[in-house]
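Chemist: Before anything else, here's the structure in question.
The values are calculated or read from the model by the stated rules, or taken from the named source; none is laboratory data. In this text, all values refer to a predicted model and were calculated from it rather than measured experimentally. Virtual Cβ from ideal backbone geometry, glycine too; neighbours counted across all protein chains shown. For accessibility, only protein heavy atoms count, side chains too; no ligands or nucleic acids. Shrake-Rupley method; radii C 1.70, N 1.55, O 1.52, S 1.80 Å.
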Amino acid sequence: MGNGIKFSEILVTGDPLILASQIAILLTSIAIVAGLTYFNKWSWLWREWLTTVDHKKIGIMYIIAGVVMFFRGGMDGLMMRAQTSQPGLEILSSQHYNEVFTAHGVIMILFMAMPLLIGLMNVIIPLQIGARDVAFPQLNALSFWLFFSGAMLFNIAFVIGGAPDAGWTSYFPLAGKEFTPNVGNNYYAISLQIAGIGTLMSGINFIVTILKMRTKGMTLMRMPMFTWTSFIASIIIVAAFPIFTVALGYMALDRIFGTHIFTISGGGEPMHWANLFWLWGHPEVYIVALPAFGIFSEIIATHSRKNLYGYSSMVISIVGIAILSMLVWVHHFYTMGSGPVVNSVFSITTMLIAVPTGMKIFNWLFTMRKGRIQMTNAMLWSLAFIPTFTIGGVTGVMLAMAAADYQYHNTMFLVAHFHYVLIPGVVFAVFAALYYWWPKMFGFTLNEKIGRWHFWLFNIGFNMTFMPMFFLGLKGMSRRMFTYQEGLGWEPLLLVSFAGSLILAAGFAAFCYNIYWSFRYASRDVSNDPWDGRTLEWATASPVQHYNFAKLPEVTGIDAYWKMKKEGTTGLIKEEIEPVHMPSNSGIPFFMGVVFTIVGLFLVFEWLIPALIASFLIFVGLIMRSFDYDDGYYVGVDEVTKTEQSWRGDL
């Protein structure tokens, strides 16, 4: 049983970098509170954002959180590249380096990639299927606030209590109390658990939304590819996240309550953690990659002015990938003694994934063949994805061979491989999606010229940062080394990698500047369909009004909006407008997010009695929701008519 942490041990001290961070956090917090007070925006913040259940606003909040986490995770990456740019540097201590690479991995996977993609799913899926919201709007808000609670808990660890330091995989026995007795890995267990519950709720919500709320005529095989890939990703979430929930629960029991599920000295088995972690961890790669494949499919078809080549084979391939994703987890630990037969089986299942993945590459290439391609920034990111991801895929097949993996395992070659998979497979997709769908969220397009700077700086920086790592791995450099001696032949490659990371950061800065510039100066005179789109989100205003559609569209084929434009049926007849039923805002999800944060913080510090007392507030929230009889409200015909006339003209 944990004895609790003393008050005097809460604040992390003794490191100038952390002291600077603490001061920066304090000043930023004061500036936010002062700004909201000065501009009298507290009620606006509460009404429009903190209590919203609108899927589009929730999606935007996910995206903002993801961009901020990208900055945080990117700074960690820069510090790592700076530390290893020359032998013997002491920019970071070995302990701080451990904490930094742990935070970088967790944040980039769970608090950057996931919210950016779930944010896009939130904004786009209801629009693509012709719905007014998700199936469970309040649950959707709760999902966001639980994710946000977990993200904030994880992020404060490095200034309050101490950061996790056992890697993003948090392998036992290293992650156990015996080797890491401070509270850092408690943060890992508790914050990821809270955020994971939110993600699981999102998965259930999207599955029900897609199955039950499609508009008339929208059969499964008429759904846009982004909705299809998000649907399959949601199924994987529901299949895989409960495994991680159990693993994190066991971890919390071991660390806080003194059980020995993963500790050898107490009769436990650390390999259980490795198996449970990767049973979730490998499908997690496809949870973030599949929606990205859907994004590229939408953009390539629209910008080639053609329908997606091989729609049915695309659907079959993503289903195939989803099934195979649950059958490959052992390839993450070939070297841990599974034996040649087991390794061979998982080697084959791993290599099989290349087949459906390769099918999609050919689908996209054939979609572009003889197309009239519009070279926008969204299309540029989609084109850059294909060769970059192929490099990641081919090196993945090399790692899939168990015999060869004994050479590559735990080297920088592996680091290069998964960055060549996840950055094009997630980050390129998110950038493409933001340039593509930005008008639907904000009513203006991002600047294309600044976007070109963003594109080229990021791509040049990315390849300079990670391509040398393949060669460093082949030269024998292990990953997670905080320093090294001279004369190993690694210095020039690591210096190039560091220079590349600076260019990469400049590319991200250009993207942030593009957002700032476009908010201030971009023309608001943007049509509802700036890219000549094919799917239903383009059938409504930019930005989308809160009720989405004045009249729910009726679908008669694939590429529903393109078909409607060809048939001249995109108009709206005034007499057909009816009152629109919408869900009311609610403060309960925000309240629950705050409560989970408090309970989580008490558990991290092993203050069990306060945690137990605070937990009753969770039941209070559940009771409040049980007796919440608010059945929503109706948007009147006059308001709907006026709104539609504002962007359609006379009806």
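Chemist: Pick out the one residue from Glu48, Glu99, Glu9, Glu90 that is buried (at least 17 other Cβ atoms within 10 Å of the Cβ) and acidic (Asp, Glu).
Modeler: Residue meeting the stated conditions: Glu99.
Chemist: Now for a different question. Scan the stretch 594-630 residue by residue and report those that are more than 14 Å from Ile190 (Cβ to Cβ) and either hydroxyl-bearing (Ser, Thr, Tyr) or in contact (Cβ under 8 Å) with a residue 40 or more places away in the chain (or both).
Modeler: Val594, Arg625, Ser626, Asp628, Tyr629, Asp630
Chemist: Here is a further query. Identify the single condition in (1) crowded, with 24+ Cβ neighbours inside 10 Å; (2) polar (S, T, N, Q); (3) farther than 30 Å from Leu19 by Cα that Gln138 does not satisfy, given that it satisfies every other one.
Modeler: (1)
Chemist: Residue under question is Ile58, and the condition is that it be of a type in the set (A, V, I, L, M, F, W, C), in a helix (DSSP H, G or I) and open to solvent by 10 Å² or more (accessible area, probe 1.4 Å); does it hold?
Modeler: no
Chemist: On to the next question. Quick check on this structure: which one of Val68, Val33, Val106 is among the β-branched types (Val, Ile, Thr), surrounded by 11 or more Cβ atoms within 10 Å (Cβ to Cβ) and either farther than 24 Å from Tyr516 by Cβ or touching a Ser or Thr at 6+ places or on another chain (Cβ under 7 Å) (or both)?
Modeler: Selected residue: Val106, the only one of Val68, Val33, Val106 that is among the β-branched types (Val, Ile, Thr), surrounded by 11 or more Cβ atoms within 10 Å (Cβ to Cβ) and either farther than 24 Å from Tyr516 by Cβ or touching a Ser or Thr at 6+ places or on another chain (Cβ under 7 Å) (or both).
Chemist: Here is a further query. Quick one: in the stretch 47-88, which of the residues that are within 24 Å of Asp133 (Cβ to Cβ) and free of Cβ contacts under 8 Å to residues at least 60 places away in the same chain is farthest from the chain's Cα centre (by Cα)?
Modeler: If we take residues in the stretch 47-88 being within 24 Å of Asp133 (Cβ to Cβ) and free of Cβ contacts under 8 Å to residues at least 60 places away in the same chain, then Glu48 is farthest from the chain's Cα centre (by Cα).
Chemist: Any residue in the stretch 558-566 that is modelled with pLDDT of 95 or more, under 30 Å from the mean Cα position of the chain (by Cα) and farther than 30 Å from Ser312 by Cβ?
Modeler: no
Chemist: Across the stretch 433-460, which residue is farthest from the chain's Cα centre (by Cα) among those that are of a type in the set (A, V, I, L, M) and closer than 25 Å to Gln545 by Cβ?
Modeler: Ranking the candidates gives Leu446 first.
Chemist: In the stretch 162-180, is there at least one residue being of a type in the set (Lys, Arg), modelled with pLDDT of 95 or more and open to solvent by 20 Å² or more (accessible area, probe 1.4 Å)?
Modeler: no
Chemist: Among (1) assigned to a helix (DSSP H, G or I); (2) within 20 Å of Val134 (Cα to Cα); (3) basic (Lys, Arg), where does Lys551 come up short?
Modeler: (1)
Chemist: Is at least one residue of the stretch 205-212 in a helix (DSSP H, G or I), within 19 Å of the chain's Cα centre (by Cα) and free of Cβ contacts under 8 Å to residues at least 60 places away in the same chain?
Modeler: yes
Yes or no, residue by residue, for (1) open to solvent by less than 60 Å² (accessible area, probe 1.4 Å); (2) on the phi < 0 side of the Ramachandran plot:
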| site | (1), (2) |
| --- | --- |
| Gly568 | no, no |
| Ile573 | no, yes |
| Pro579 | no, yes |
| Met582 | yes, yes |
| Ser586 | yes, yes |
| Thr597 | yes, yes |
| Gly600 | yes, yes |
| Val604 | yes, yes |
| Ile613 | no, yes |
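Chemist: Based on this model, can you work out whether Leu146 counts as over 30 Å from Leu552 (Cβ atoms), in a helix (DSSP H, G or I), in contact (Cβ under 8 Å) with a residue 24 or more places away in the chain and open to solvent by less than 10 Å² (accessible area, probe 1.4 Å)?
Modeler: It is true that Leu146 is over 30 Å from Leu552 (Cβ atoms), in a helix (DSSP H, G or I), in contact (Cβ under 8 Å) with a residue 24 or more places away in the chain and open to solvent by less than 10 Å² (accessible area, probe 1.4 Å).
Chemist: Can you confirm whether the stretch 235-250 contains a residue that is open to solvent by less than 40 Å² (accessible area, probe 1.4 Å), in contact (Cβ under 8 Å) with a residue 12 or more places away in the chain and of a type in the set (Ser, Thr, Tyr)?
Modeler: No: zero hits.
Chemist: For the stretch 487-502, state whether one or more residues are of a type in the set (Phe, Trp, Tyr) and in a helix (DSSP H, G or I).
Modeler: Yes, there is a match, as at least one residue in the stretch 487-502 is of a type in the set (Phe, Trp, Tyr) and in a helix (DSSP H, G or I).
Chemist: OK, next. Taking the condition surrounded by 14 or more Cβ atoms within 10 Å (Cβ to Cβ) and farther than 30 Å from Ile609 by Cβ, does Tyr38 pass?
Modeler: Against the criterion (surrounded by 14 or more Cβ atoms within 10 Å (Cβ to Cβ) and farther than 30 Å from Ile609 by Cβ), Tyr38 does not qualify.
Chemist: Let me ask something else about it. Would you confirm, using the coordinates I've provided, whether Glu537 is open to solvent by less than 20 Å² (accessible area, probe 1.4 Å) and among the acidic types (Asp, Glu)?
Modeler: yes
Chemist: Could I ask something else about it? Among the residues of the stretch 437-445, is any in contact (Cβ under 8 Å) with a residue 60 or more places away in the chain, touching a Ser or Thr at 6+ places or on another chain (Cβ under 8 Å), among the small types (Gly, Ala, Ser) and surrounded by 23 or more Cβ atoms within 10 Å (Cβ to Cβ)?
Modeler: no
Chemist: A further question follows. Taking Ser501 as the residue in question, decide whether it is crowded, with 18+ Cβ neighbours inside 10 Å and either of a type in the set (Gly, Ala, Ser) or closer than 24 Å to Asn459 by Cα (or both).
Modeler: So Ser501 passes the test.
Chemist: Right, something else. Determine which member of the set Ile460, Ile450 is β-branched (Val, Ile, Thr) and either in contact with a Pro (Cβ under 6 Å, 6 or more places away or on another chain) or open to solvent by 60 Å² or more (accessible area, probe 1.4 Å) (or both).
Modeler: That would be Ile460, the only listed residue that is β-branched (Val, Ile, Thr) and either in contact with a Pro (Cβ under 6 Å, 6 or more places away or on another chain) or open to solvent by 60 Å² or more (accessible area, probe 1.4 Å) (or both).
Chemist: Pick out the one residue from Phe389, Phe442, Phe333 that is among the hydrophobic types (A, V, I, L, M, F, W, C), more than 27 Å from Val315 (Cβ to Cβ) and touching a Pro at 6+ places or on another chain (Cβ under 7 Å).
Modeler: Among Phe389, Phe442, Phe333, only Phe442 is among the hydrophobic types (A, V, I, L, M, F, W, C), more than 27 Å from Val315 (Cβ to Cβ) and touching a Pro at 6+ places or on another chain (Cβ under 7 Å).
Chemist: Select from the stretch 311-331 the residues that are touching a Ser or Thr at 6+ places or on another chain (Cβ under 8 Å) and open to solvent by 20 Å² or more (accessible area, probe 1.4 Å) and list them in ascending order.
Modeler: Leu324, Leu327, His331
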